[in-house]
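The values are calculated or read from the model by the stated rules, or taken from the named source; none is laboratory data. Please read these numbers as outputs of a predicted model, since none were measured by experiment. Cβ: placed from backbone, ideal geometry, glycine included. Neighbour counts: every protein chain shown. When the accessible area is computed, the model is the full protein with side chains, heavy atoms only, and any ligands, DNA or RNA have been set aside. Shrake-Rupley method; radii C 1.70, N 1.55, O 1.52, S 1.80 Å.
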Amino acid sequence: SSKTFWTTTGMFPQELIIGFPKCVKISKVAIQCCLVRTLRIERSTSKDPVGFEQCVEKDLQHTEGQLQMEEFPLPELQATYLRFIIKSAFDHFVSVHRVMAEGT
């Protein structure tokens, strides 16, 4: 829902883990967030959310008063879980409004 979001508790790093029913192939991940400075995306192919390995890490642009919209091409990436780690922020609190993964 565009009317809901996840917010941090004010200290960093913060993480959000998304699980899929089975291992999937992901071609692209997109995120809409607010006030995130550094974001890392990791993946796991395990049955449980363990053994993560880094896929990408990026410093995001500060967009005053607007959502940050970032896309990460991840060709042929296989994952059962994706972990989003917010390493730092432009303020004490950040929010994640939407996460989208495309693939098969």
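If only one of Glu70, Glu102 is open to solvent by 80 Å² or more (accessible area, probe 1.4 Å), in contact with a strand residue (DSSP E or B) (Cβ under 6 Å, 6 or more places away or on another chain) and part of a strand (DSSP E or B), which one is it? Write out each step before concluding.
Details: Glu70 fails: open to solvent by 80 Å² or more (accessible area, probe 1.4 Å).
Residue meeting the stated conditions: Glu102.
Reported count of residues in segment 48-64, each being part of a loop (DSSP other than H, G, I, E, B) and surrounded by 11 or more Cβ atoms within 10 Å (Cβ to Cβ), is 6.
Against the definition (more than 11 Å from the chain's Cα centre (by Cα), surrounded by 12 or more Cβ atoms within 10 Å (Cβ to Cβ), in contact (Cβ under 8 Å) with a residue 40 or more places away in the chain and at positive phi), how does Leu35 come out, yes or no? Answer is yes for this residue.
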